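Some notes on the structure that comes next.
A short reminder: the numbers here are calculations on the coordinates, not readings from a lab. Small disclaimer: the values here were computed from a predicted structure and weren't measured. Ideal geometry is used to build each Cβ from the backbone, glycine not excepted, and the neighbour counts take in all protein chains shown.
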Amino acid sequence: MAKAFILINTDTGTEDQVLSELKKIPGVTEAYTIYGVYDLIAKVEADTLDKVKEIVSSRIRRLEHVRSTLSMMVVEP
């Protein structure tokens, strides 16, 4: 199972809307509003690394009001 944590910046004031949309995306297993440099964090899980990449690039990054993302792939022994 491939996993990644995605840090997300949104347009000001749209955090709740983007969070709601994130939670509807298949493969997003957790999503939260956070404080700091980023506005949201999402955990993505899929069978393959390619599927995780597809979810991030085709679904998360294309959500309205998403300004930028930072992907952190989980490395397991």
- Query: Nearest 20 debye, what's the magnitude of the dipole of the chain about its Cα centre given +1 on Lys and Arg Cβ and -1 on Asp and Glu Cβ?
  - Reply: 160 debye
- Query: Within the chain, how many lysine pairs that are 8 or more places apart, or on different chains, have C-alpha atoms less than 13 Å apart?
  - Reply: 6
- Item | the chain: relative contact order as a whole-number percent, Cα under 8 Å and 6+ apart | 46 percent
- Message: Would you report the distance distribution of C-alpha pairs in the chain as whole percents per 10 angstrom bin, up to the bin with the largest distance?
- Response: 21, 58, 20, 2
